């Protein structure tokens with residue numbers, strides 16, 4: 001009897017501590033890719049049984065390429081959804097880019113919102129107009145899709161967001177078996193590697209909104225959302241070319257960016273350590289304008305990068321063969337190959353750029 | 001003999017002359033006071049916020065005068081209770097009268113200030129323009145709580161005449177004044193309307209008398225408090241007030257004080273009012289009692305309800321010269337500002353957005369400068385981002401519906417249910433949020449921007465992922481009264497995950 005009492009007390013204490021009802025439940029059905037959610041609706045107080053369909057039943061492949069147009073680096077992405085997918089791809093969001101952009105000629109907001117909200121709104125629209133112009137010149141989407149440039153100041157992040165348009169004639173996504181070209185970004189930064197978030201179209205993407213705001217459900221939502229998308233490595237404008245140009249500084253920036261690949265599962269620690277040593281040589285050589293030393297360090301780095309990927313050389317750094325389209329990776333797990341192929345291409349592109357400028361002497 | 005009589009007469013004449021002069025001076029003084037009182041009350045009616053200050057000024061003026069003159073003027077201590085709650089002035093008495101007349105006679109023939117009932121500007125003009133043969137039916141009695149009260153030692157006066165003499169007021173009003181056991185006078189107002197217009201305002205009805213006590217009641221608020229927020233909007237919803245009783249300037253301990261709360265009509269963004277309007281509490285109840293401490297003070301805590309608005313906390317002290325004082329408490333969500341009604345035009349000449357709420361009971365000055373479009377700065381910023389994005393999508397003019405009210409709090413819109421039954425605004429949902437200036441509805445169907453149901457999931461995801469704002473917002477989709485998006489503009493964290 002005492003044991004039962006203790007058990008009940010434990011359950012009650014546990015439930016109270018987690019602000020959950022004993023009936024609350026979230027059960028994942030792996031074969032269907034769905035969650036069965038049972039919870040009390042906050043408004044109606046009725047117990048609700050709801051199914052949430054995960055948005056990850058897609059099979060994306062992404063080919064990213066970069067080329068110099070004479071004014072900027074043009075980044076192009078081709079997205080394929082393989083036949084085995086069950087959902088159409090309705091989101092392609094290149095994220096994880098540091099906040100390195102500022103909108104030119106941005107008008108300030110000087111009006112006080114509380115005292116003069118009318119002027120505040122008008123100044124806000126003026127800013128909006130400037131931002132839109134910048135955005136239109138930077139991010140472009142294929143027909144039927146729209147492109148956005150999202151900045152998150154607190155997270156120090158920029159994203160390029162591509163989603164299907166809202167017109168009736170616009171597609172609902174990239175259907176299984178289809179390929180879509182024309183996702184494009186024009187920027188002056190050299191390529192780095194980041195991940196693109198991709199999701200599939202479901203009937204109720206808002207399905208988690210109505211869940212109670214209790215610690216139990218906050219944790220569950222977190223867990224569900226962790227599995228609710230796929231990430232694919234892509235080239236993206238990340239490395240800011242120093243102005244005035246400084247080869248040693250550029251090498252330092254590439255090295256710093258390379259360190260971020262470890263967290264994304266794009267490189268192993270061993271490979272990173274080896275490449276870091278070569279980068280140290282490169283930085284030293286560039287500091288003293290030592291062309292021979294620069295060439296040798298670049299050779300070492302590229303040899304390491306190419307050695308893990310069949311058929312990869314500097315001819316492929318702008319655009320790779322179709323069969324090497326990037327596939328989803330688990331960006332929370334350690335790398336499974338010494339260096340990801342997209343990362344190797346990035347090194348190739350950036351170092352060939354550095355080497356070229358070293359040769360021309362400016 | 002004649003000489004003596006003449007001398008006596010002369011002396012009497014001189015005395016009479018002096019008395020006349022004194023009488024004339026007093027009359028002038030009295031007239032000035034009434035004018036002053038009238039002006040104060042007019043301001044009070046127009047600017048409720050200043051009510052306490054004005055009344056306090058008036059009271060201090062009256063008190064200082066009492067040292068020089070025997071007779072002093074006091075405002076009415078308590079006005080009648082009408083069908084819609086406590087009345088605050090002669091003007092409201094007139095309005096109440098007009099409404100009751102309209103209800104009982106089924107006519108719109110009663111006008112207030114030459115305008116329809118409900119819009120008046122400080123003076124009350126009651127005119128009968130419909131012939132009615134039965135005089136008694138033009139007679140109205142507000143009772144039993146319809147009396148107006150004068151403090152102890154004061155008499156009710158109307159048009160300068162003692163109101164105890166019934167029918168002495170020419171053809172307009174008759175009054176019956178009854179002494180109460182506690183020494184005050186209560187009047188039952190009888191309004192008899194004669195043919196032709198008659199003006200009436202607070203300068204015509206007042207208390208006059210001799211103060212029997214220099215005991216003074218005052219009501220103040222604890223310093224450095226913020227306005228209490230409507231309950232359920234987060235933050236502090238309480239407010240502390242202090243009633244103080246002094247006698248000849250010294251704190252007086254052990255004096256009984258009673259507190260009560262009322263809420264002003266048409267405040268907080270609500271352009272409708274009735275007796276069921278929720279209001280705040282003092283010390284957790286409708287009224288509170290207590291006695292002053294050694295500092296002559298008694299503190300009460302006002303607690304706000306869900307509905308925003310200006311509340312009037314009253315303190316009553318029967319043994320004080322001024323038997324009641326009031327303080328206004330504004331229950332509000334701070335720092336809300338309206339969405340601009342001046343919509344920018346797009347390149348094609350169409351408007352970027354439009355204000356399309358059909359809520360007629362919270363429109364403030366007009367539909368387009370209404371009380372229903374208030375947001376915080378952060379929410380406004382995010383809304384502008386969202387509108388910008390809709391423009392990029394070529395979505396047409398964005399139809400903005402209800403946001404939050406002028407002071408936030410419960411937004412009690414009227415609605416038609418699924419059976420077609422209309423439910424007027426009665427201090428309840430269906431707007432379950434819209435209380436903190438952080439949410440807004442966007443209509444699919446208004447302003448010519450329909451969106452297919454099949455596209456709503458793209459709409460949802462697009463703004464979750466591409467919101468371009470610092471703090472994520474989520475879009476909750478619902479269909480309670482027509483297809484629309486209910487948008488949480490701040491602090492919603494279930495809008496897709498951003499790991500890095």
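Data table
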| read-out | value |
| --- | --- |
| Pair residue B:273, residue A:213: separation of 7 Å Cα→Cβ label points (nm) | 3.3 |
| Residue B:348-residue B:299 FRET efficiency (beta carbon distance; Förster radius 60 Å; 0.05 resolution) | 0.45 |
| Tail beyond 23 Å, pair distance distribution of the range A:78-172 (Cα, percent) | 44 |
| Tail weight of P(r) past 25 Å, computed on alpha-carbon pairs of the range B:215-331, percent | 24 |
| Stretch gain in nm, segment residue A:169-residue A:68, where the contour uses 0.36 nm per residue and the Cα spacing is subtracted | 33.0 nm |
| Label-point separation, residue A:42 to residue B:433 (7 Å along Cα→Cβ), nm | 0.8 |
| Extended-chain gain in nm, criterion 0.36 nm per residue less alpha-carbon gap, residue A:352 and residue A:296 | 18.9 nm |
| Rounded tilt (10° steps) of A:247-259 against the dominant C-alpha axis of chain A | 30 |
| 0 to 90° range, to nearest 10: angle between helix A:215-226 axis and chain A longest Cα axis | 40 |
| Cα-based convex hull volume of the range A:242-351 per residue, rounded to whole Å³ | 102 |
| Relative contact order (percent, whole number), chain A, Cα cutoff 8 Å, 6+ residue spacing | 19 |
| GNM flexibility winner over chain A from A:111, A:335, A:210 (Cα, springs under 10 Å) | A:111 |
| Rg in Å to one decimal, and Dmax rounded to a whole Å, for the range A:296-337 via C-alpha atoms | 12.4, 34 |
| Residue order, fewest to most surrounding Cβ atoms within 10 angstrom, among A:254, B:440 | A:254, B:440 |
| Global geometry of the range A:131-253, whether rounded, prolate or oblate, following the gyration tensor of its Cα atoms and the 1.5 cut on a/c | oblate |
| Order of A:106, B:264, A:258, A:352 - criterion: other Cβ atoms within 10 Å of each residue's Cβ, fewest first | A:106, A:352, B:264, A:258 |
| 0 to 90° range, to nearest 10: angle between helix A:291-306 axis and chain A longest Cα axis | 40 |
| Cα-based Rg of chain A normalised by 2.2 N^0.38 Å, two decimals | 1.20 |
| Nitroxide proxy distance, nm - points 7 Å out along Cα→Cβ at residue B:227 and residue A:186 | 5.0 |
| Sorted by Cβ density within 10 Å, fewest first, the residues A:160, B:154 | B:154, A:160 |
| Full-extension gain in nm, residue A:203 to residue A:246, via 0.36 nm per residue minus C-alpha separation | 10.3 nm |
| Computed FRET value (nearest 0.05) for residue A:28 with residue B:253, which takes r as the C-beta separation and R₀ as 51 Å | 0.15 |
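Read the figures in this text as sums done on the coordinates, not as results from a lab. Source: prediction; values computed, not measured. Neighbour counts are summed over all protein chains in view; Cβ atoms, including those assigned to glycine, are modelled from backbone coordinates with ideal geometry.
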